[in-house]
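Read through the structure below, which is laid out as structure tokens, and then see the notes.
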Amino acid sequence: MAKKPRIIIIGAGPAGLGAAWRLTELGISDFTVYEKQGYAGGLATSFTDDAGFTWDIGGHVLHSHYPYFDRMFESVMTSEYFTHQRESWVWIYDRFVPYPFQNNIHRLPPKALRECLQGLHEISQKKPKKLRTFADWITASFGSGIAKHFLLPYNRKVWAYPPDKMNYQWVGDRVATVDVSRIERNIQTQRDDVSWGPNAVFQFPKKGGTGAIWERVAGRFRRRIVFHREVISLNLKKKTIVLSDGSTDSYDLLFTTMPLDVLAKKQTDIPLPAASRLHHSSVTIVGIGIAGNTPEALSTKCWMYFPENKAPFFRATVFSNYSRYNAPKGAWSLMTEVASSRYVPLPHGDIAKEVLAGARSVKLIPKGASIEDLWTFRSEYGYPTPTLLRDKYLSGVLPVLEQFGVYSRGRFGAWKYEVSNQDHTFMQGVEWVNHILNKEEEITLHNPGKVNGGKR
Ligand SMILES: Cc1cc2nc3c(=O)[nH]c(=O)nc-3n(C[C@H](O)[C@H](O)[C@H](O)COP(=O)(O)OP(=O)(O)OC[C@H]3O[C@@H](n4cnc5c(N)ncnc54)[C@H](O)[C@@H]3O)c2cc1C
């Protein structure tokens with residue numbers, strides 16, 4: 001490799017910005033970021049619409065696993081953020097059950113409560129069996145009752161993919177586990193148990209939504225970013241790219257964050273059939289702006305899960321609770337997320353109307369409330385599905401690309417859901433720079449369990 005390699009970064013989402021941030025920190029400015037959109041932030045962008053409401057692409061909650069990420073956040077946001085107590089709920093059987101669901105099953109109707117409790121006793125008495133799928137893991141960890149009433153229907157909805165065709169190794173620290181005697185105590189005392197452990201609070205920018213973080217990060221090296229410039233094709237052997245304005249550029253090292261299956265199709269030098277076997281789901285966000293004050297029942301809630309089919313969305317966030325600036329004065333806002341995929345298409349008809357009807361049927365919107373705004377945004381790439389053979393497919397693509405100096409990272413570049421949040425993807429960029437310059441291990445990409453096991 002030449003002493004000063006020429007670096008190209010594709011995408012100004014958190015991963016691309018992470019690489020650019022670290023290069024800049026090291027005093028390296030000979031790199032270019034190509035971004036097809038006119039803004040930085042990728043899926044962590046926010047939009048303020050004509051009605052004055054600000055929306056994220058789905059509820060973005062920061063939970064950092066890295067002191068390095070925390071320092072970056074403090075450095076760009078200074079004190080311009082709020083810190084919130086997490087408060088999430090499950091809407092089921094026409095009532096709210098606090099999260100973690102398993103600790104609060106005393107809120108369920110008697111028959112469902114009995115089935116959930118019986119399932120919990122069964123798993124505490126049975127010898128653990130060998131697990132193969134995410135569905136197996138759910139039933140073995142939470143019992144058949146909680147699986148039937150909440151976790152299987154919810155996960156089918158959020159992934160738009162069958163849990164018995166997904167692996168379970170990605171789960172890591174994402175879901176609180178089960179303590180049967182504590183649950184029984186909660187049933188006896190009818191006490192809500194909403195303990196979140198170390199992840200009890202999260203930060204959110206005062207103004208501009210989650211995207212404000214990434215706008216500020218990009219501001220540190222804006223001259224290096226070329227917006228409205230899509231990479232149309234790549235020649236891996238010649239190490240060149242063709243851009244949407246017809247120009248070309250060349251590199252020694254390419255850091256790309258576009259979806260891996262798309263990247264594989266933009267080149268013709270090497271066959272990469274495994275890339276097309278990766279599965280993803282899409283996400284449609286419908287934001288609802290509502291006149292008046294936030295209803296009492298929602299006034300402290302952050303987000304809510306919807307496992308049932310009464311509403312098309314799997315999650316709704318009271319987005320105006322994250323910042324009063326997310327809604328104009330005299331209004332509040334709900335942001336809903338609907339998943340779809342080639343297995344589970346979006347419902348027919350106008351999705352915004354379907355969501356609105358669903359929000360009314362699950363009593364999120366008070367009768368007679370005036371709707372001020374309906375904002376819809378669809379992202380074809382929403383969630384990288386952890387399918388059973390995902391890692392096999394990835395190992396047939398990522399190392400092959402690296403032989404050509406192409407490093408595919410980020411939420412859909414590396415396709416690992418377990419390390420695809422903002423902190424993870426930003427750090428994938430940072431760690432890649434440390435790897436190419438200092439041969440350090442890219443721990444987030446290669447050792448997700450270690451990263452998610454605690455703050456490093
Ligand atoms: C519904 C939803 C909810 C989420 N919730 C959370 C959460 O609660 N907490 C959290 O931390 N994270 C959350 N995330 C994840 C967060 O958005 C991602 O971690 C982050 O955006 C991934 O960054 P990335 O750079 O890897 O990819 P992206 O954000 O996808 O960025 C890739 C960039 O590459 C650009 N690009 C693509 N192709 C080309 C091309 N050919 N040429 C030029 N540019 C190109 C794109 O325009 C984009 O800007 C959520 C994501 C979604 C979708």
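Taken together, the values in this text are just the output of simple stated rules run on the coordinates, not laboratory data. Just so we're clear, the structure is a prediction, and the values are computed from it rather than from any experiment. In this analysis, Cβ positions are derived from the backbone assuming ideal geometry, glycine residues included, and neighbour counts consider all displayed protein chains.
In the chain, the longest principal axis of the Cα atoms and the axis of helix 67-77 are about 90 degrees apart. Relative to the Cα centre, the charge distribution of the chain, modelled as +1 at Lys and Arg Cβ and -1 at Asp and Glu Cβ, gives a dipole magnitude of about 680 debye. Counting only DSSP H runs of at least 4 residues, each contributing -39500 (n - 2.57), and dividing by the residue count of the chain, the helix-based mean residue ellipticity at 222 nm comes to -8500 deg cm²/dmol. Just so you know, the averaged projected area of the alpha carbon convex hull for region 134-227 sits at 10.4 nm². Label sites at residue 248 and residue 200, each approximated as a point 7 angstrom past Cα along Cα to Cβ, lie 6.0 nm apart. Remark: region 233-273 is approximated by an ellipsoid whose semi-axes, taken from the C-alpha gyration tensor as √(5λ), come to 16, 12, 11 Å, largest first. Apply the a/c threshold of 1.5 to the C-alpha gyration tensor of region 326-415 and tell me whether it is rounded, prolate or oblate. Cα axes put region 326-415 in the prolate bin.
Counting only lysines at least 8 places from residue 127 when in the same chain, those with an alpha carbon closer than 23 Å to its own are 148.
Pair-distance distribution of region 104-179: all C-alpha pairs, bin width 10 Å, starting at 0; shares per bin in whole percent are 19, 52, 28, 2.
Working note: Debye formula, equal point scatterers on the alpha-carbon atoms of the chain, no solvent; log10 I(q)/I(0) at q = 0.08, 0.11, 0.14 Å⁻¹ is -0.48, -0.92, -1.43.
In straight-distance terms, cross-link reach from residue 301 covers every one of the aspartates and glutamates whose alpha-carbon lies under 16 Å from its own, apart from those fewer than eight places away in the same chain; here that gives 87, 192, 193. Give me the angle, in degrees from 0 to 90, between the Cα long axis of helix 14-25 and the longest principal axis of the Cα atoms of the chain, rounded to the nearest 10. For helix 14-25, the angle is close to 50 degrees. Cβ crowding within 10 Å ranks 195, 79 as 79, 195, fewest other Cβ atoms first.
Using the Cβ of residue 96 as centre and a radius below 9 Å, the other residues enclosed give a net charge of +3, where K and R count +1 and D and E count -1.
Cα centroids of region 32-101 and region 313-359: 15 Å apart.
Sorted from longest to shortest, the spans of the Cα atoms of region 1-62 along the three principal axes equal 51, 24, 16 Å. Would you please classify the overall shape of region 363-456 from the alpha carbon gyration tensor, given that a ≥ b ≥ c denote the square roots of the eigenvalues, rounded means a/c under 1.5, and beyond that prolate means a/b larger than b/c while oblate covers the rest? Prolate.
Protection proxy ranking of 207-214, 344-351, 357-364, by the mean of other Cβ atoms within 10 Å over each peptide's residues and highest first, is 207-214, 357-364, 344-351. Could you please report the charge total around residue 387, scoring K, R as +1 and D, E as -1 over all other residues with beta-carbon less than 9 angstrom from its beta-carbon? Net of charged neighbours comes to +3.
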